[in-house]
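As structure tokens, the structure follows; a few thoughts come after it.
Read-outs throughout are calculated quantities, based only on the coordinates presented, and are distinct from any laboratory measurement. Please read these numbers as outputs of a predicted model, since none were measured by experiment. Quick reminder, even Gly has a Cβ in these numbers, built from the backbone with ideal geometry, and neighbours come from all protein chains shown.
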Amino acid sequence: MTHSRRDFLRTSTALAASVIAGSVATSFARTPRPPLDSSAHTSADFATLVPSDSSIKVEDLRKMAFELPALTYAYDALEPHIDVQTMHLHHDKHHQAYVDNANAAVEKTPELKGKSAEELLANLAAVPEAVRGAIRNNVGGHVNHSMFWAIMAPNAGGPPTGHIAEAITKTFGDFAQFQAKINDAGLKQFGSGWTWLALGSSGLQVLSTPNQDSPISQGLAPILGNDVWEHAYYLKYQNRRADYLKAWWNVVNWAEVNKRYEAALKK
Ligand SMILES: [Fe+2]
């Protein structure tokens, strides 16, 4: 199966599910922007996204904008590690604002319409200067947070599983050393930003980025990331970012992280 075909099947499945359920289970369903897909789209590509029995028209798909993905768990499901109020504000207000601002930036820049979020972030230099900052911050915010909700889950945490577990041990020595690197990068990130595990041509690496900058803009595939903006933790942890970083491991959804790793390896 080709790369494009695989991605479009995945998106098509997600789209069909969203039509049936009326809600979004995965990060980018209901948008014409397949996850982790930086390939150009043709009319034929878009046609493959439309279920044959759907009333959705290809033209409508193209016009569909970035949308806030619904959580796949309850707002209080990550308690006591992440509190319900933070989840409401973080998801419903902060992420929604990134989505709205990203759509506004694309709306006034016709040449950007139809491009995937990842395509935009992977080549920011190609984005007109007038909206480059808005795209970097808000499309970045949308992509980063969509991943963030997906890689967390209730009754999760513990040591990693699957291929990612082997890769972490091979790259960082053991899970504890890997956690320490992620936490350290998050703690040292001055101001707002993210701490990441990302896959590049030389393998896995830990890095931090400021603001909503995505590893995608550095040619890396984000595998796991923790949000160290104060909006992610201040209500519960106040100035104790280190406590938040430590607690966050209790909600990491390793099955999803492993899926992201395996998908990134195939690219
Ligand atoms: Fe955030």
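Given H placed 1.01 Å from N in the peptide plane, which residues other than close sequence neighbours of SER214 have an amide H under 5 Å from its amide H?
none
What list of ³J(HN,Hα) couplings, whole Hz, do you get for the stretch 105-122 from phi and the Karplus terms 6.51, -1.76, 1.60, once you set θ to phi - 60° and write x for glycine and proline?
For the stretch 105-122, the Karplus-derived couplings read 5, 5, 4, 8, 10, x, 5, 8, 5, x, 7, 6, 4, 5, 4, 5, 6, 6 Hz, x marking Gly and Pro.
Separation of the stretch 73-93 and the stretch 194-217 by C-alpha centroid, Å?
Taking the Cα centre of each part, the stretch 73-93 and the stretch 194-217 sit 25 Å apart.
Which of the peptides 170-178, 85-93 is most tightly packed, and how do the rest follow, going by the mean number of other Cβ atoms within 10 Å of each residue?
Going by the mean number of other Cβ atoms within 10 Å, highest first, we get 85-93, 170-178.
Non-local amide H neighbours of GLY193 (under 5 Å, H modeled in plane, Pro and chain starts lacking H): which ones?
ASN211, VAL228, TRP229
For LEU224, enumerate residues with amide H under 5 Å from its amide H, sequence gap 5+ or separate chain, H modeled in the peptide plane.
It is LEU197, by chain and number.
With +1 assigned to the C-beta of every Lys and Arg and -1 to the C-beta of every Asp and Glu, and no other charges, what is the dipole magnitude of the stretch 163-265 about the Cα centre in debye, to the nearest 20?
So the magnitude is around 160 debye.
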